[in-house]
Amino acid sequence: MAGLVIEREVLIEAPVEVVWRTITEPDQMSQWFADRVDLVVEAGAQGYMEFGDQGGPVVVEVVDPPARFSFRWNHPRGEEPVAGNSMLVEFTLTPEGDERTRLRVTESGHELLAWPDAEKQRYADEHQEGWADYLDRLASVLSKRQPG
Amino acid sequence: MTAQTDDELWSAIADPSRRRVLDLLVSNSEVSASWLAGRVPFTRQAVSKHLVVLERAGLISRRKQGREVLYQVQAGRLDQATRAMAQLAAQWDRQLAAIKRLAEAAHAEDKKRNHHDR
C-alpha cells in the first residue's frame, strides 16, 4: 500500500459482526478511541472526534460492513480532507472461522496517494514494511555502525 | 503527526527512491553524491534532488572536504522519527487491545443471552 505509515493487527475471539459493531457504533467508539465521537458511519459523512481538550473533524471514506471501514483525519482546519492533506485510517476485518476475527488497522497518508499508479506499485513491491519497521531497521543499522 | 516539521520528515522518507538513498547513507558513514549515484538505478540529478529533500527534513547534513561535498545521516533526527513512530504504533496497539476487550465482552454477552433464550 502506498504511503503506509503504520500497520497493526490483533486477533479477536468474537465473530466479525460483533467486531464491526465495536469499531463503528459511536457509543462503542468513544470507549476505545476518542472521548467523544460525533459521527454517522456512512460514506462521505463528516463528523468530529474529541480527545481531551483536543479534537478534530473526521470524514468517513469507506463503509463496507462487515469487512472495511475507513476515515480521513488530521487535515488542516477549514479544508476538505482529501488525499494529499490528510491521513487515512483503514480497518480491515477478516473472519477466521465462526468465532474469530483478525482486525487490521493501517494509517497512511499525505501526498503519496496522489502518486502515479506505476510508482505506487513499485513502492508496494519494494517496501512492504511500514514506516515504523523501516525506521526501526535504519536505527538498528545506525547503532551497529556507531557503537555507544 | 500533525506538526509541520513532521510532515516534512514523513514525506522525505515516504518516497521509495529517497529511502534507497537514505539506506545507503545509514550504512555508510560519509559519502558523496557521485558515490551514491553509482549505487542506485537513477540519475545523479535525481540523487541531488533527493539529498536536498533529506537535508531539508533534517535527516542528513553535508560537509565540504576539498572539492567534494560529503553527506551523512543525522542520527538524532532519525532517532526522533523512530520514537514518534513507535509512539504511534503503541497508541494503535492500545486501541486495538481495547477493541478486542470490548468485542470479546460483547460476544460473551450475546452468547449468554442466546443461551437463556433457548
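The values are calculated or read from the model by the stated rules, or taken from the named source; none is laboratory data. Bear in mind that the values here come from a model prediction, so they are computed numbers and not experimental data. Methodologically, a virtual Cβ is constructed for each residue, glycine included, from the backbone with ideal geometry; neighbour enumeration extends over all protein chains shown.
Remarks
- Near pairs, Cβ below 7 angstrom, 6+ apart or cross-chain, from the stretch B:44-56 (free of Cβ contacts under 8 Å to residues at least 12 places away in the same chain) to any residue that is in a helix (DSSP H, G or I) and surrounded by 15 or more Cβ atoms within 10 Å (Cβ to Cβ): B:44/B:33; B:44/B:37
- The set of residues in the stretch A:11-32 being within 7 Å of chain B (Cβ to nearest Cβ) and polar (S, T, N, Q) consists of A:22, A:28, A:31.
- Qualifying position, being of a type in the set (Lys, Arg), touching a residue at least 24 places away in the same chain (Cβ under 8 Å) and part of a helix (DSSP H, G or I), among B:63, B:83, B:101, B:18: B:18
- Scope the stretch B:59-95; condition touching a Ser or Thr at 6+ places or on another chain (Cβ under 8 Å) and away from chain A (no Cβ under 11 Å); matching residues: B:68, B:69, B:70, B:71
Conditions tested, residue by residue: (1) out of contact with any Cys (no Cβ under 9 Å at 6 or more places or on another chain); (2) surrounded by fewer than 18 Cβ atoms within 10 Å (Cβ to Cβ); (3) modelled with pLDDT under 90.
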{"position": "A:22", "(1), (2), (3)": "yes, no, no"}
{"position": "A:27", "(1), (2), (3)": "yes, yes, yes"}
{"position": "A:51", "(1), (2), (3)": "yes, yes, yes"}
{"position": "A:62", "(1), (2), (3)": "yes, yes, no"}
{"position": "A:69", "(1), (2), (3)": "yes, no, no"}
{"position": "A:77", "(1), (2), (3)": "yes, yes, yes"}
{"position": "A:89", "(1), (2), (3)": "yes, no, yes"}
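- Entry remark, the stretch B:71-110: residues being exposed (fewer than 13 other Cβ atoms within 10 Å of the Cβ) and among the charged types (D, E, K, R) number 3 in total.
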